[in-house]
Amino acid sequence: MMLNQTKLNCKTMAIARGNLRLLMLFSSLSCILFLMPTGNAADWLSWRGSNYDGIGEALNLPASWNESEGILWQRPLPSTGYSSPIVIGDQVVLTTSDGLDYTELYVVSLNAFSGELNWKTKFFGSKLPFLSQFAKELGTAVPSCVSDGQNIVAMFSTGEVCCLDLSGNPLWFRSLGVDYAPFTNDYGAASSPVIAAGKVFVSVDQDGGSYVLALSLEDGKTIWKRDRPEIGDNWATPFVYRCPSTQKLCLINSGSYMIECLDAQSGETLWTQSGAARLCAPTPFIYQDLLISTSGPGGQTLAVRLGDQSPENRLVWKSPKGTGFLPSGIQVDGNYLHSGDRGILTVLSLKTGSEVAQKRIGGSYRASPVMADGKIYFLSLEGTATVLESKTLEILGVSSMGEKVGASPAVAHDSLFIRGEKHLFRIGVKR
Amino acid sequence: MLIFRFVLSHILISASLFAQSFDEEREQQMRFRELLTPFQQALKERDPIQLRMQWLVVSQLDEHVLIPLLDLCEEYSSPAEMAWITTAIDKITSRSLNDLEFEKLEPLLMDTKRSGRGRRVVLSILEQIKPGYRDGFLLSAELDPEFHRDYMSSQIDKAVQIRDQGNVGEATRKLTQLYDRAVDAEQIISIYNMIKEQPDLVSLHERLGLISEWKVIGPFPSEKARGPEQTYPVEIQYLNKQLDLSQSYDVDGKSIGWIAFKIAKDVTSLKFGQVLAGRNDSVYFASTSVHSDVIKRVELLASGGETIQLWHNGVLVIDAPFYNQRPRLDRHRCLVELKEGDNTFLAKVCIGEGGGEGGGRGGAPAGELILRIVDENGKGLILKP
């Protein structure tokens, strides 16, 4: 009787645990959705999309294209930059920079359907100190814009942050290099701002004097600043989520050997998890109740359980397989796909971290892949677009953009918006 | 007499008309300045809500408000504050390009007393009015303190074009001249890399004022990154003027001594790892001395990876003990006075601990040191040991 009761209790407990997991999963998803900007479902409001996962809604996307088919339009960009485009309604918005020191800063809006220029807002930024690793050809328009559907926030490697309305009129400006100290990220600051719950979160990871800021979306004033002297230069965009167990709004920063979770209301540290590499560029994402974070070089992918966990229970798995420096990964059907920097696609199980598959797709990568319409799009630095079927990973098509591609694409209006070194392209099927 | 009166009356009429139009213009400028008062007030108060409202008003005004707005640029230096003004200027300019008066705007660019940033805004407008204007302006801007670098950059580009067209000899001659005249470290290095094979070229180190001869020692244990705070025997002896560069020190049972190091001619930094053992959580020292014929005010430009502390003649002049720094030219600056005779320098550089299981120190700055000495105009000084 006792044994049966025990068995029953165990079964009940197992069901309860399963229900709790489901509840946490539901909470996680709804918390992410709660935080999501209030744009249209077809929008692409950050460099990784409106859900920060690189997955878009689109139909009938082509698997390949060339000059006579598939390129709906291409427009020359006024100056240089590597920021990813975002899409808000019928506007595609990105940043560029120009001038001797790339201190002429532009936020540019093009019509998503015609490619014609809507507006261009220009202002001048701070001159950076001499940065020996800074690649001039990137310019200072490297962080990507973000929007909540009503406001556009743009940041530049010079330290300037601005908020514009949808007509390009200014709402506020900040010069973080003047308000605090000149930006000294030796390769150039590249972390993009994030909007959540009426705040703009900016991560300034650099070699000396790193910090995280929460700015008011309404007027740009600093709500809190958290100094992080132990952190060196990184380029990961922070990730915001609502903790399912505590309901706290949380901000994740990765790099300098750890993942750090901050209370997004106050900037206080909630927990840290060691195991990240020193340098970090990829942005993490959430899978069920796990935070998946990749860092490199020489780093690993970590799966960290969210919620109020003890340090011993937080790390669920880790894997050194396939990590690279720059591109973020993407989740497909319970697996994590990561191209790394050198075009070797590694697939890990998100449940266990074990390697499921590996495939060589060639090329070197700065851009992160996106998925839509059952296809995954990889854009190499050499300008080659390799398209894979999302379930079988069969290569469906290979196309040449004709120029370098360093920015991650956007998916909107049943199209891909790809930013090359000189042009912005809209890829889709003509109707 | 009649003719004289006729001419005089015309002169008087013209003068009065000119004075009247000058007065009208001045009155108009004052009227527009008054229109800008609420905008100015919002800028002073740094109130974004007020600013955006005033911005909408100002950006709809006509081109007559341009010069008062450009004058407003003189009062603000922060890019964030300037951005309100320049975006309004941009709106007005793009709407009224054909109505802008080039002759009234150009003097604002030529006035070197105006702020560099303001002058650049004017140049940007003039370029829109007359495409190609900028290139012509820069041809005569070598001595312009704001535009010297732009001048040099355009000349370097021209020399590269000449070289790419096949005229290597002329390009090299031009670049060699630019190499002697450049002040900006980045431009000096860029030109040097293009002509470094030229015989009789002044060395990069001399052009930059880079200190290239050192004695180095290490690694000493930093003991969990406490190196910058701890005082080592080397420092004590230096401060007591008892530093003996032939002395050895016992570190964990091994004897380490000073080693001579000369930075290679194409390189700008001292890398400790080239002659000393590299180890995480360590402290390295570098010692040198330069001779000055006279008392001279100079600027020291130094950098270290990951931390740096620099003493000059026993005084700590650069104190940057925080980790994660990457060494790069001119990161830390200070003005000092060289004494007549020998001037000693001691640099202390610390390397961090590394990251444990996440990966060694992949991508971490190595133990490096850069020190250059320049005069008040930024020109590298050639100072011998």
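Take each residue of peptide A:162-175, count the partner chain Cβ atoms within 10 Å of its Cβ, and average: the result is 4. Taking only protein heavy atoms and a 1.4 Å probe, the accessible area of chain B is 53% carbon and sulfur. Relative to its residue count, chain B spans a Cα convex hull of 259 Å³ per residue. Rounded to whole Å, the principal axis extents of the Cα atoms in the stretch B:17-104 read 44, 24, 22, largest first. Site pair B:Glu376 and B:Ser94 shows an inter-label distance of 4.5 nm when each label is modelled 7 Å from Cα along Cα→Cβ.
Legend: P(r) of the stretch B:88-139 from all alpha carbon pair distances, 5 Å bins from 0, whole percents, reading 4, 21, 32, 26, 13, 3.
Of the peptides B:303-311, A:96-104, the ranking by mean beta-carbon count within 10 Å, highest at the top, reads B:303-311, A:96-104.
If you bin all the Cα-Cα distances of the stretch A:377-425 at 10 Å, starting from zero, the percentages per bin are 28, 52, 20, 1. Please compute the modelled spin-label separation between A:Val178 and B:Gln60, points set 7 Å along Cα→Cβ, answer in nm with one decimal. In this crude spin-label approximation the distance works out to 2.7 nm. Each Lys and Arg contributes +1 and each Asp and Glu -1, all at the Cβ; summed about the Cα centre of the stretch A:170-291, the dipole is approximately 260 debye.
Quick one: net charge of B:Thr37's neighbours, Cβ under 15 Å, K/R +1, D/E -1? Here the count lands on -2. Taking every C-alpha pair closer than 8 Å and separated by at least 6 residues, the mean separation divided by the residue count of chain A gives a relative contact order of 15 percent.
Taking the Cβ of A:Glu69 as the center, what net charge do the other residues with Cβ under 15 Å away carry, scoring Lys and Arg +1 and Asp and Glu -1? Residues close to A:Glu69 contribute a combined charge of +2. In this structure, the pairs whose alpha-carbon distance is over 25 Å, taken from A:Lys136/A:Lys375; A:Lys221/B:Lys113; A:Lys120/B:Lys130, are A:Lys136/A:Lys375; A:Lys221/B:Lys113.
Comparing each chain alone with all protein chains together (probe 1.4 Å, DNA, RNA and ligands left out), the residues of the stretch A:224-259 losing at least 50 Å² of accessible area are A:Tyr257. For the stretch A:156-262, the percent of C-alpha pairs falling in each 10 Å distance bin, counted from 0 to the bin holding the largest distance, reads 14, 48, 31, 7, 0. Counting only protein heavy atoms and a probe of 1.4 Å, the accessible surface of the stretch A:252-331 is 45% carbon and sulfur.
Note on B:Glu353/B:Gln247: beta-carbon distance plugged into 1/(1 + (r/R0)^6) with R0 of 22 Å gives a FRET efficiency of 0.20. Looking at the square roots a ≥ b ≥ c of the eigenvalues of the Cα gyration tensor of the stretch A:186-341, which shape do they give, rounded for a/c under 1.5, prolate if a/b is larger than b/c, or oblate? Oblate.
When the alpha carbon gyration tensor of the stretch B:200-258 is reduced to an equivalent ellipsoid, its three semi-axes come out at 29, 15, 13 angstrom, largest first.
Comparing A:Thr352, A:Thr237, A:Thr140 in a Gaussian network model of chain A, where Cα atoms under 10 Å apart are tied by springs, the biggest mean-square fluctuation is seen for A:Thr352. Per-residue 3J(HN,Hα) values for the stretch B:130-145, derived from phi via the Karplus relation 6.51 cos²θ - 1.76 cosθ + 1.60 with θ = phi - 60°, read 10, x, x, 4, 4, 4, x, 4, 5, 4, 10, 9, 4, 8, 6, x Hz in sequence order (x marks Gly and Pro).
Given the stretch A:290-423, report the % of alpha carbon pairs whose separation exceeds 22 Å. Value for the stretch A:290-423: 37 percent of Cα pairs lie more than 22 Å apart.
Build a GNM of chain B with springs between Cα atoms under 10 Å apart, and of B:Ser59, B:Ser16, B:Ser212 the one that fluctuates most is B:Ser16. Sorted from greatest to least, the principal axis extents spanned by the alpha carbons of chain A come out as 81, 49, 38 Å. Taking a ≥ b ≥ c as the square roots of the Cα gyration tensor eigenvalues, with a/c under 1.5 meaning rounded and otherwise prolate when a/b beats b/c, else oblate, which class fits the stretch B:18-168? Here the stretch B:18-168 falls in the prolate category.
Computed from point charges on the beta carbon alone (+1 for Lys and Arg, -1 for Asp and Glu), the dipole magnitude for the protein assembly as shown about its Cα centre is near 1900 Debye.
A Förster radius of 35 Å, combined with the Cβ-Cβ distance separating B:Asn167 from B:Lys384, puts the computed FRET efficiency at roughly 0.40.
Rolling a 1.4 Å probe across all protein chains gives A:Glu268 an accessible area of roughly 120 Å². Charges were assigned to the Cβ only: +1 to each Lys and Arg, -1 to each Asp and Glu. The resulting dipole of chain B about its Cα centre is roughly 620 debye. Residue by residue along B:76-89, Cβ atoms of other protein chains within 10 Å of the local Cβ number 6 on average. The label-point distance for B:Asp293 and B:Asp184, in a model that sets each label 7 Å from Cα toward Cβ, rounds to 3.2 nm. Neighbouring Cβ atoms from other chains, within 10 Å of the Cβ of residues in B:270-280, number 0 on average.
Highest average first, the peptides B:346-352, A:119-125 ordered by how many other beta carbon atoms sit within 10 Å of their residues are B:346-352, A:119-125.
Based on the alpha-carbon gyration tensor of the stretch B:218-292 and its eigenvalue square roots a ≥ b ≥ c, which shape applies: rounded if a/c is under 1.5, prolate if not and a/b is larger than b/c, or oblate? Since a/c reaches 1.5 but b/c is at least a/b, the shape of the stretch B:218-292 is classed as oblate.
Using the empirical formula 2.2 N^0.38 Å as the baseline, the Cα radius of gyration of the stretch A:66-147 reaches a ratio of 1.21.
Only one residue of B:Gln155, B:Val183, B:Leu270 has its Cα farthest out toward the positive end of the dipole of the stretch B:154-303, where Lys and Arg carry +1 and Asp and Glu -1 on Cβ, and that residue is B:Gln155. Excluding same-chain neighbours fewer than eight residues apart, the lysines reachable from B:Lys174 by a Cα-Cα span under 19 Å are B:Lys158, B:Lys196. Considering the stretch B:137-245 at the alpha-carbon level, its Rg and Dmax are found to be 21.6, 61 Å. Between the Cα long axis of helix A:2-35 and the first principal axis of chain A there is an angle of about 10°, rounded to the nearest 10. A simple packing score, the average count of other Cβ atoms within 10 Å per residue, orders the peptides B:216-226, A:168-178 as A:168-178, B:216-226, with the highest score first. Computed with a 1.4 angstrom probe on protein heavy atoms, the B-A interface buries about 3600 square angstrom of accessible area in total. Rg over Rh for the protein assembly as shown works out to 1.02, using Cα positions for both radii and the Kirkwood form for Rh. Extension gain for B:Thr112 to B:Gln41 (0.36 nm times residue separation, less C-alpha to C-alpha distance): 22.8 nm.
Neighbours of B:Ile318, meaning other residues whose beta-carbon lies under 12 angstrom from its beta-carbon, give a summed charge of 0 when Lys and Arg score +1 and Asp and Glu score -1.
In terms of Cα atoms, the Rg and Dmax of the stretch B:35-82 work out to 10.2, 26 Å.
Against the empirical curve 2.2 N^0.38 Å, the C-alpha radius of gyration of the stretch B:71-159 lands at a ratio of 1.11.
The values are calculated or read from the model by the stated rules, or taken from the named source; none is laboratory data. Please read these numbers as outputs of a predicted model, since none were measured by experiment. A quick note on method: Cβ atoms are made from the backbone with ideal geometry, for glycine too, and the neighbour counts reach across all protein chains shown. Heavy atoms of the whole protein, side chains included, go into the accessibility calculation; ligands, DNA and RNA do not. Shrake-Rupley method; radii C 1.70, N 1.55, O 1.52, S 1.80 Å.
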